[in-house]
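Report on the structure given below.
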Amino acid sequence: MFEILRRFFKFCDAENRRKFHLSIALGVVNSFFMALRIAAVAVMIQGVILNQSQGRDFEEKTIWLSFGIILVSTICAIITKKNMSMLQTEGGYRTCAKKRIEIAEHLRYLPMGYFNANSLGQITSVTTNTMELVGDVATRAVMLVTQGLLDSALIIFMIFFFDWRIALVALAGFLLFQFVNVFMRLAVKNISSQKTQADEAQIEKILEYIQGIAEVKAYNLTGSRRKDLNAKIDRCIKNCIGMEMRCIPISALQSLVAKLTGVAIMFASIFFYLGGTMELANCAVMLICSFMLFTALEAGGNYSALLRIIDIGVKKAQAILDLPTMDIEGAENRKSVKNDSPSRLSFSFIDKTARQAGLAVEPVENTICAQNITFAYDKRKIIDGVSLTIPAGSTTAFVGPSGGGKTTLCHLLSRFWDVDSGSVTLAGKNVRDYDMDSLMKNFSFVFQNVYLFHDTIANNIRFGQPEAPMEKVIEAAKKACCHEFISALPDGYNTVIWEGGANLSGGERQRISIARAIMKDAPIIILDEATANVDPENERDLMAAVSELTKEKTVIMIAHRLKTVRNANQIFVIDKGKIAESGTHGQLVKKNGIYARFIESRKAAVSWKL
């Protein structure tokens, strides 16, 4: 239990860790007030018994003083309990909120391969269900378990002052209760992990079902896909029920041990009193303590199994945060902070320090060079010994068969991934030597599959410059040829886009993404088949938008359309991860190689009629 609490407190940030520590300190104070009540009750009982049975005078003011102590300590206990609850509630929820943000920031700097190897369901489960459960359980379990332990220990300590024999009975019951408690945590350990995995699988299947609902309907697979979803939900239900079924008998045993401990204290107290070895006053106090000890043990025991759930959640979240990020701080920043800490510096520390110290180095011009770069994914070589130069202000086109490595090459040049060997330089400097944020300021991307956020159109356009005024947003929209259709919408630029841009056509989404890139105004533009799936009506506007976006920029494009690539300054034919051919349009046509065949097939496709 203590190891679980230690991991949880380490997981918390310093501010919220102090809240939990302070709440435990208040728990000690609360237990002290409970001890005062026990002592005051003992004095009152002793006074009443002396007055009634032995006719001895017992000062009335002593009884009133004891009553006052009970009243004041009860009020103080209520206040401390309230503050404990507030501290732990705030600490639990704020910790989880900060960890969600921290995980989101950390994901920004993970290699893209991580997202290919890990399901969206797993990541979503950790940041939503798992964190919510940790926050919810932490606000109750930590307080109740620690308070139950403190109260139980202090009650046993108080009993020692009255009768050491009863204290030994109470201690034996306490130790037996803790043994059952450990047994419960061990029993829950495996089933808790299985439950978490089932939750992840369920979320993954739900997301897959919703995201692929159009394909499910189109291929009339509603029934079969629903069966898969139902199977995941059933598995999740079985794991939840299994965990409860495993906990219930042990929880009942815990409760039985707590009750039997109370009964044993009552029996021993009465036995010693009848045997003449214990005074009536002490016997009465022991009877009261038996009920208090039972309540304290049961309160802590009922929530101790939930600590295992906290522990699993903490480990899963920490596993993501411990993933090695790309080297994001840049060479200059590494020099400045390399002696600050022997451990791996967190992304937020490096990023913040670099900006505050003015160490972020930005490129002075935009020539990109790749020197013999290789890259493999899942032990399969995707890029193999590629070398090329993209001069500043030029337009470079990548063409070639699907799966040849064009998109991967663009990702390596913009450092979405790090190369396995060789180097990529920008303005003569290795891209790894730039602060990541400074590097990304130089790139704008327009992908074939556009993703728009569930927000207003205006906020989607100003995504690269959140503080940009509305005038700039409208100017970018006009350049991207989307101002007209946006203005025609009932709410104009305040129209909320559905997730992924589902309430807009493909051409409209594409033009908004171009407006977003225009707004960012980066010197290097990467177009990943941006006009591939556009209908003829939208193509004219889209090509005008692309022309506006790429004006006086360094352009890297992946394209299949002849009109898109023929005016490029240089063309690279990428096949099986290598540069098969390179040159201008005219030079490559004369070579009569892959590019020439590509051109002929495109011409044939255009001239083909039904």
Practice problem: Could you please tell me which pairs satisfy a Cβ distance under 7 Å, a separation of 6+ or placement on different chains, a first residue in the range 61-86 that is closer than 22 Å to M44 by Cα and in the same structural domain as T139 (by the TED database), and a second residue that is in a helix (DSSP H, G or I) and among the charged types (D, E, K, R)? | Solution: I70/R37; S73/R37; T74/R37
Quiz prompt | Number of positions in the range 89-124 that are part of a helix (DSSP H, G or I), at pLDDT 70 or above and farther than 20 Å from L307 by Cβ | solution = 14
Self-check item: Positions within the range 133-156 being of a type outside the set (V, I, T) and either free of Cβ contacts under 8 Å to residues at least 24 places away in the same chain or under 21 Å from K259 (Cβ atoms) (or both), in sequence order
Solution: L144, Q147, G148, L149, L150, D151, S152, A153, L154
Quiz item: Is one or more of the residues making up the range 370-384 touching a Phe, Trp or Tyr at 6+ places or on another chain (Cβ under 6 Å) and either under 30 Å from C96 (Cβ atoms) or modelled with pLDDT under 70 (or both)?
Solution: no
Practice problem: Answer with yes or no whether T396 is buried (at least 16 other Cβ atoms within 10 Å of the Cβ) and outside any loop (DSSP other than H, G, I, E, B). | Solution: yes
Quiz prompt | Residue that is nearest to I373 (Cα to Cα), among those in the range 555-593 that are touching a strand residue (DSSP E or B) at 6+ places or on another chain (Cβ under 9 Å), part of a helix (DSSP H, G or I) and modelled with pLDDT under 85 | solution = V565
Practice problem: Would you mind finding the one in A476, A488, A480, A468 that is in the same structural domain as N449 (by the TED database), surrounded by fewer than 20 Cβ atoms within 10 Å (Cβ to Cβ), in contact (Cβ under 8 Å) with a residue 12 or more places away in the chain and among the hydrophobic types (A, V, I, L, M, F, W, C)? | Solution: A468
Exercise. Just name the residue that is nearest to L150 (Cα to Cα) out of those in the range 45-88 that are modelled with pLDDT of 85 or more and among the β-branched types (V, I, T).
Key: T80
Practice problem: For D521, work out the one condition from (1) under 42 Å from the mean Cα position of the chain (by Cα); (2) at negative phi; (3) modelled with pLDDT of 80 or more it doesn't fulfil. | Solution: (2)
Quiz item: How many residues are without any contact (Cβ under 8 Å) to a residue 12 or more places away in the chain and of a type in the set (D, E) if we restrict to the range 492-519?
Solution: 0
Quiz item: Would you say P391 is in contact (Cβ under 8 Å) with a residue 12 or more places away in the chain and surrounded by fewer than 17 Cβ atoms within 10 Å (Cβ to Cβ)?
Solution: yes
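Residues in the range 439-455 that are surrounded by fewer than 17 Cβ atoms within 10 Å (Cβ to Cβ) and either in contact (Cβ under 8 Å) with a residue 40 or more places away in the chain or β-branched (V, I, T) (or both): how many?
Within the range 439-455, residues that are surrounded by fewer than 17 Cβ atoms within 10 Å (Cβ to Cβ) and either in contact (Cβ under 8 Å) with a residue 40 or more places away in the chain or β-branched (V, I, T) (or both) number 6.
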Quiz item: Which members of the range 1-52 meet the condition of being closer than 21 Å to D322 by Cα and of a type in the set (G, A, S)?
Solution: A14
Self-check item: Flag for V496 being modelled with pLDDT of 85 or more and surrounded by 14 or more Cβ atoms within 10 Å (Cβ to Cβ)
Solution: no
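The values are calculated or read from the model by the stated rules, or taken from the named source; none is laboratory data. Everything numeric in this text was worked out from a predicted model, so none of it was measured. Cβ: placed from backbone, ideal geometry, glycine included. Neighbour counts: every protein chain shown.
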